[in-house]
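In what follows, a structure is listed as structure tokens, so that the remarks can point back to it.
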Amino acid sequence: MGLIGVLPRMTARRPPVLLVTLPGATRERLAVEAELRHRGWPSAAGPAAAAGLVVAGEQGDVQPPWLADVWKGVPRPKAYVSVRQADDAPRALDVLGRLLATGRQGDAPWPPSTGSPGGTRGRERQDREDGGHGPYRHPEAGGHQARHDQGDHMDHPGRQDHGERPGRQDHGGHRGGVVAGLPMAGRADDRDGLRLDRLHLPLGPVLPDWPAGLVLEVALQGDVVQSVTEHPPAAGVPGRCPFWSEPWLRAAAGEAVTRGTAERRRCASHLDSVGRLLAVAGWPRPAAEARRLRDRLLHGAATDELAPGVLRLTRRVAGSRTLRWLTVALGELPAGRAGELGVTGPALAADGDVHARLCVWLAEIERSLHGMDDTRAVTGGDGPRGRLDPDRPPSRVLLDALLPLLPGAEFACARLILASFDPDLDELVGTGHA
């Protein structure tokens, strides 16, 4: 048996998995992450590093248009499964392992229908036979040539270069064009009046340690963010409550919910946020520990069992001088300004920068830990991210407050600022907040 025959079996033993979370699928995302950790399967940082693509959540009638491109970026051997319900996670990963071992790919995503009379399935088959290069392909796959055929290339971001250097034929190197769906850098004034390359880059929705469903269009000069535009979030599954805010929303709807249940969810939510921020900051072991404790909380572990590990983590993170040095003075949001914007919850209480917001999370984790056995009924409507206003969910307010803080920041710092607010887009796409 040659290497080609052995490779799928080797990959199937411990495949790197790229997890894609669809809007409203936080519960499924957590189930897949817990199962991956239980099996010791690593998480891939991107399509090129993955062998398995796992999609958490319901796709509805129309699959996300970017999903086929993500799948195309995964090298062979590869396999695809979807997890529509949290309970399906173990079975889906079993299927993923079997698919990889046998060299099959599963019911992989394919480019959306173009509406031709041949029908979707027929075009899918034709595209498979053509190795993905047939007429049934994602528009971005042929977008560059199509734009040139239509004479549309004069409108792309690099048109200034044509004007400044009229004799230059840059299309051989795609200067100012589009490659793999991404525009090449054009030139624009920077904050110091210099004329430098500016790259427009979409961030999300598939990015490690990134809020699920968030898509930002970022303009970069060097590694400095010049501007940020938010794309409207995709619609979620109707009828689903945002997972992290669920206890408070159920209580508001008249259900009997104890304070202990709500505090357990708050504690798990903040551990999830702390894990994401630490991962972005490049501190993987405490990030993994935060997520392990989060999963134990959600599976009902007793307070006495959890308290030593949680307190050990919070005090280690709070006492880290390196982490403080990395995060202090980044993304400062004074309490006065936060109040004017309508921010509530930890971001308001922090009255400061990334490190201050992290410290508020750590303090609330410890406080919630001691309230998880409270059997009294929930009162008030302050969830993990703030007051649950049905007209303006707290994560909507957080996004509005944080986006103006990103221009002028270096790219890595901008990611830390975003992670320190950690907006939950499930609050924006679900119906539970209404």
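Say the dipole of the range 245-428 comes from +1 at the beta carbon of Lys and Arg and -1 at that of Asp and Glu; which of GLY254, ALA419, LEU403 then lies farthest toward its positive end?
Of the listed residues, the answer is ALA419.
In the range 336-425, what GluC sites (Glu not before Pro) fall in a loop by DSSP, with at most 14 other Cβ atoms inside 10 Å?
Answer in residue order: no site qualifies.
Filter the trypsin sites (Lys or Arg not before Pro) in the range 191-258 to those in DSSP coil with at most 11 other Cβ atoms within 10 Å of their Cβ, and list the result.
Passing sites in the range 191-258 are ARG191.
So if we plug the beta-carbon distance of ALA235 and ASP304 into 1/(1 + (r/R0)^6) with R0 = 41 Å, what FRET efficiency do we get, rounded to 0.05?
0.45
Going highest first, how would you order 297-306, 377-386 by mean Cβ packing within 10 Å?
So the peptides 297-306, 377-386, ranked by packing, come out 377-386, 297-306.
Roll a 1.4 Å probe over the protein chains and send me the accessible area per residue for the range 318-432 in Å².
Per residue, the range 318-432 has 42 Å² of solvent-accessible surface.
Karplus couplings for the range 256-271 from phi (6.51 cos²θ - 1.76 cosθ + 1.60, θ = phi - 60°), rounded to Hz, Gly and Pro as x?
Listing the rounded values in order: 7, 10, 7, 5, x, 4, 5, 5, 4, 5, 4, 4, 5, 4, 5, 5 Hz.
In whole Å, what three semi-axes, largest first, describe the equivalent ellipsoid of the range 245-428 built from its Cα gyration tensor (square root of 5 times each eigenvalue)?
Working through the eigenvalues yields semi-axes of 26, 22, 12 Å.
Plugging the Kirkwood radius over Cα pairs into Stokes-Einstein for the range 7-102, at a temperature of 10 °C and a viscosity of 1.306 mPa s, what D comes out in µm²/s?
Value of D from the Cα-based Kirkwood radius: 121 µm²/s.
Please compute the modelled spin-label separation between ALA318 and GLU340, points set 7 Å along Cα→Cβ, answer in nm with one decimal.
About 3.1 nm, to one decimal.
Cα convex hull of the range 341-419: how many Å³ per residue?
95
The values are calculated or read from the model by the stated rules, or taken from the named source; none is laboratory data. Keep in mind it's a predicted model, so treat the numbers as computed, not measured. Cβ: placed from backbone, ideal geometry, glycine included. Neighbour counts: every protein chain shown. Ligands, DNA and RNA are stripped out before the accessible areas are found, and what is left, the full protein with its side chains, is counted by its heavy atoms. Shrake-Rupley method; radii C 1.70, N 1.55, O 1.52, S 1.80 Å.
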